[in-house]
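Asks: First the structure, then my questions, so here it is.
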């Protein structure tokens, strides 16, 4: 019955999606610099059609948003670097611009062109590599096209402490990335990375281990092995489409993270659909999550071993983003996490009020909601705020009642600071009340594997972040930042609401203090330089000075002191 229901849902949504013209296109990586570039243009009032806070964007969405900038590029208030970035994106997204009927006059990457066309040895041995000036290989057959690229990442992070042993952690990832389309209705992408890390603290041997932001891994003494996959099949029109795949999502305007749905956790399998109008964007997503440690639904003996059937875990969410006026964008969203049973019809209804549906189902699940507002008042300024409600009793507001589980995030950005081109100032403040993201049933904790679906600061946490970013050349990114992170951790035998894995119990006090418990404090001052060697290939160097207080260094052990981190990495198509 469950499989039949899944089939009916997918079939119905696909039929809905294909009733129109050209197909949608795959999403852009959330780590790509195009997001910060579009933020700058939006603050300059050059992107009226962009809904900025529902990510990832698709290739088509980016191209469509850039059309008015391209058509008015001579009159637009663009810096020299922004014009170069715009030209780069015109070449990068030339298929999407062709479908939009826009003549894109961008240019290919000059470093890549020199390597593949001016170096005779490379051109003779690999004549078909980068033949289109962008991708490693392109395959065409009738109405089928595929673009293939390698994926590579290597970094070393040296951590020198004055209160614990020094460490050098190395991580390597390699894989493949391809995308393309088949006919008029279907587009797709696949991004796979196989990874290895060494130098950290891992179990001696655990074939089913999980660590932060990665998901399931295989720990073998000094090494840990893992893989990461993102993929999607898109069916439909550019303004209404359905995607079946596996990726991350990010909802909200935050720069350091998002309160409701962030990209902090690893990717998850999902069914997603999106509808766009002139001033409204609606998104619905249902994802399959994993608990760690696994929660057993049932066990049985096979004669040779014990079979453990893990409990199912799901989430569903929808988000409405709209622009009531040209200088403001408002977002509304709600999500529900549930498990240990199958799909719920009430949650599969994209137009349902999930908070009420969860109540009608007996208050057994973890329902949350949020509101965010982003303003573009002019002067190359962006201001934003977000409120997140996990649980609330209005009669006890301001009392410290543990059940008032809410969080807020406020921030702003000023572009071309002091009239200096491409110099940007960013500031953000995040505050998350105790017990946010937790739930009395372990299956409903607001996380995927060991990582939160929301902001990385976690419950009973606070972040103040400032960053100064300068891009003197298209390929060169420079940044200096300062961040204060404070967290109220649980004491032994005392629950201060600082761990989402430990919900409030009948033995805990009804009233809690924000940042109560053991106050952990981390101050970080950092410098970062990133240079694009080739198209989407970056060399990164970062240096951080960190001061920690009450840092957990072992079972019931804490230390305080200084730390210096040196990061050196190279990545391609990450």
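The values are calculated or read from the model by the stated rules, or taken from the named source; none is laboratory data. Computed from a prediction, not measured in an experiment: that's the story for all the values here. Every residue, glycine as well, gets a Cβ built from its backbone with ideal geometry; the counts of neighbours run over all protein chains shown.
Asks: Could you list, in sequence order, all residues of the stretch 83-103 that are in contact with a helix residue (DSSP H, G or I) (Cβ under 7 Å, 6 or more places away or on another chain) and either over 13 Å from residue 38 (Cβ atoms) or touching a residue at least 40 places away in the same chain (Cβ under 8 Å) (or both)?
Replies: 85, 89, 90, 96, 97, 100, 102, listed by residue number.
Residue by residue, here is whether (1) modelled with pLDDT under 95; (2) closer than 30 Å to residue 148 by Cβ holds:
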| site | (1), (2) |
| --- | --- |
| 531 | no, yes |
| 545 | no, no |
| 553 | yes, no |
| 562 | no, no |
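Asks: Quick check, is residue 167 surrounded by 15 or more Cβ atoms within 10 Å (Cβ to Cβ), modelled with pLDDT of 90 or more, in contact with a strand residue (DSSP E or B) (Cβ under 9 Å, 6 or more places away or on another chain) and more than 24 Å from residue 191 (Cα to Cα)?
Replies: no
Asks: Still on this structure, please answer the following. Considering 375, 389, 383, 423, which residue is under 21 Å from the mean Cα position of the chain (by Cα), farther than 26 Å from residue 288 by Cα and at pLDDT 95 or above?
Replies: 383
Asks: Out of all the residues in the stretch 181-213, which are under 30 Å from residue 141 (Cα atoms) and touching a residue at least 40 places away in the same chain (Cβ under 8 Å)?
Replies: Correct list: 181, 183, 184, 185, 186, 187, 188, 189, 190, 191, 192, 193.
Asks: Does the stretch 476-491 contain at least one residue that is part of a strand (DSSP E or B), closer than 18 Å to residue 157 by Cα, touching a residue at least 60 places away in the same chain (Cβ under 8 Å) and under 23 Å from the mean Cα position of the chain (by Cα)?
Replies: No; the residues of the stretch 476-491 include none that is part of a strand (DSSP E or B), closer than 18 Å to residue 157 by Cα, touching a residue at least 60 places away in the same chain (Cβ under 8 Å) and under 23 Å from the mean Cα position of the chain (by Cα).
Asks: Hey, residue 472 hits all of (1) under 27 Å from residue 399 (Cβ atoms); (2) over 23 Å from the mean Cα position of the chain (by Cα); (3) outside any loop (DSSP other than H, G, I, E, B); (4) in contact (Cβ under 8 Å) with a residue 60 or more places away in the chain but one; which does it fall short on?
Replies: Residue 472 satisfies every listed condition except (1).
Asks: Another question, if that's okay. Which numbered condition in (1) under 23 Å from residue 452 (Cα atoms); (2) touching a strand residue (DSSP E or B) at 6+ places or on another chain (Cβ under 9 Å); (3) surrounded by fewer than 18 Cβ atoms within 10 Å (Cβ to Cβ) is the only one that residue 554 fails?
Replies: (2)
Asks: Would you confirm whether or not the stretch 291-305 contains a residue that is closer than 25 Å to residue 384 by Cα, buried (at least 16 other Cβ atoms within 10 Å of the Cβ), within 21 Å of the chain's Cα centre (by Cα) and in contact (Cβ under 8 Å) with a residue 24 or more places away in the chain?
Replies: No: the stretch 291-305 contains no residue that is closer than 25 Å to residue 384 by Cα, buried (at least 16 other Cβ atoms within 10 Å of the Cβ), within 21 Å of the chain's Cα centre (by Cα) and in contact (Cβ under 8 Å) with a residue 24 or more places away in the chain.
Asks: Any chance you could count how many residues in the stretch 20-43 are surrounded by 22 or more Cβ atoms within 10 Å (Cβ to Cβ) and over 22 Å from the mean Cα position of the chain (by Cα)?
Replies: 1
Yes/no matrix, rows are residues, columns are (1) at pLDDT 90 or above; (2) within 23 Å of residue 278 (Cα to Cα); (3) outside any loop (DSSP other than H, G, I, E, B):
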{"site": "38", "(1), (2), (3)": "yes, yes, yes"}
{"site": "64", "(1), (2), (3)": "yes, yes, yes"}
{"site": "67", "(1), (2), (3)": "yes, yes, yes"}
{"site": "76", "(1), (2), (3)": "no, yes, no"}
{"site": "91", "(1), (2), (3)": "yes, no, yes"}
{"site": "98", "(1), (2), (3)": "no, yes, yes"}
{"site": "117", "(1), (2), (3)": "no, no, yes"}
{"site": "121", "(1), (2), (3)": "no, no, yes"}
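Asks: For residues that are surrounded by fewer than 19 Cβ atoms within 10 Å (Cβ to Cβ), outside any strand (DSSP E or B) and at negative phi, tally how many sit in the stretch 178-193.
Replies: Within the stretch 178-193, residues that are surrounded by fewer than 19 Cβ atoms within 10 Å (Cβ to Cβ), outside any strand (DSSP E or B) and at negative phi number 1.
Asks: Now, a different point. Note down all Cβ pairs under 6 Å where the first residue falls in the stretch 123-148 and is surrounded by 13 or more Cβ atoms within 10 Å (Cβ to Cβ), the second is modelled with pLDDT under 80, and they're at least six residues apart or on different chains.
Replies: Taking only residues 6 or more apart or on different chains, the pairs are 130/116; 133/108; 136/129.
Asks: I need the full set of residues from the stretch 328-352 which are under 21 Å from the mean Cα position of the chain (by Cα) and closer than 22 Å to residue 447 by Cβ, in order please.
Replies: Correct list: 333, 334, 335, 336, 337.
Asks: Moving on to the next point. Collect the residues in the stretch 309-359 that are more than 16 Å from residue 260 (Cα to Cα), touching a helix residue (DSSP H, G or I) at 6+ places or on another chain (Cβ under 7 Å) and in contact (Cβ under 8 Å) with a residue 12 or more places away in the chain, keeping them in residue-number order.
Replies: Within the stretch 309-359, 311, 313, 339, 340, 342, 343, 346, 347, 348, 357 qualify.
Asks: Which of the residues belonging to the stretch 214-238 are outside any strand (DSSP E or B) and either free of Cβ contacts under 8 Å to residues at least 60 places away in the same chain or in contact with a helix residue (DSSP H, G or I) (Cβ under 9 Å, 6 or more places away or on another chain) (or both)?
Replies: Selection gives 221, 222, 238.
Asks: Still on this structure, please answer the following. Looking only at the stretch 230-275, how many residues end up being more than 21 Å from residue 315 (Cβ to Cβ), surrounded by fewer than 21 Cβ atoms within 10 Å (Cβ to Cβ) and more than 18 Å from the chain's Cα centre (by Cα)?
Replies: Residues that pass the stated criteria total 3.
Asks: Can you find a residue in the stretch 445-459 that is loosely packed, with under 15 Cβ neighbours inside 10 Å, outside any strand (DSSP E or B) and in contact (Cβ under 8 Å) with a residue 40 or more places away in the chain?
Replies: No, because not a single residue in the stretch 445-459 is loosely packed, with under 15 Cβ neighbours inside 10 Å, outside any strand (DSSP E or B) and in contact (Cβ under 8 Å) with a residue 40 or more places away in the chain.
Asks: Suppose we filter 503, 509 for residues that are over 23 Å from residue 451 (Cα atoms) and either under 22 Å from the mean Cα position of the chain (by Cα) or assigned to a loop (DSSP other than H, G, I, E, B) (or both); which single one remains?
Replies: After ruling out the rest, the residue left standing is 509.
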